[in-house]
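The structure under discussion appears below in the form of structure tokens.
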């Protein structure tokens, strides 16, 4: 057995490596970072995540030994998607305003039709997402009246735009 000492800025650790005729067998070298069981990258002494001997800033391990997987990254603002949905119609209005400067009179009409066609696919997906988000907040106890009204409003504004599209803005044609 060959004894190798790995040093990093934080930790000094002894690693035992089995050796056969002067060569270390493939798959036997582990990362020298404490608590990491990943295989060593080339001959650096560390895995890809801890290459250079420094802990990865994105990986956090809990204090309990049974949980050694990194924490999942979650969206910090649960109202981000409803805010985007609420901003869809003003964004379309702005783009319609920009297309009015073009020489072709039908550019705005085409954009109106395409924006409505997008809602044919997006509104059912958003409705399912919104029901799931509202139900999750209800179960967690974080659903307030203001959040519920915001959810309803964020669905009604694009839905009204969809109704304008479906009826061609009330045109009898």
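Here, each number is a calculation from the coordinates, and none is a lab measurement. These numbers come from a predicted model, not from an experiment. Glycine also receives a Cβ, built like all others from the backbone with ideal geometry; neighbour counts cover every protein chain displayed.
Couple of notes before you dig in:
- Sequence of 140, 107 once ranked by neighbouring C-beta atoms within 10 Å, starting from the fewest: 140, 107
- Exposure proxy shown here: for 98, 123, the number of other Cβ atoms within 10 Å sets the order, fewest to most, as 98, 123.
- For residue 120 and residue 34, the FRET efficiency from 1/(1 + (r/R0)^6), where r spans their Cβ atoms and R0 equals 45 Å, is about 0.25.
- Sites residue 166 and residue 48 - FRET efficiency at Förster radius 45 Å, r taken between beta-carbons, to 0.05: 0.30
- Residue 157/residue 100 FRET efficiency (R0 25 Å; Cβ-Cβ; nearest 0.05): 0.70
- Fewest-first ordering of 118, 31 by other beta carbons within 10 Å of each residue's beta carbon gives 118, 31.
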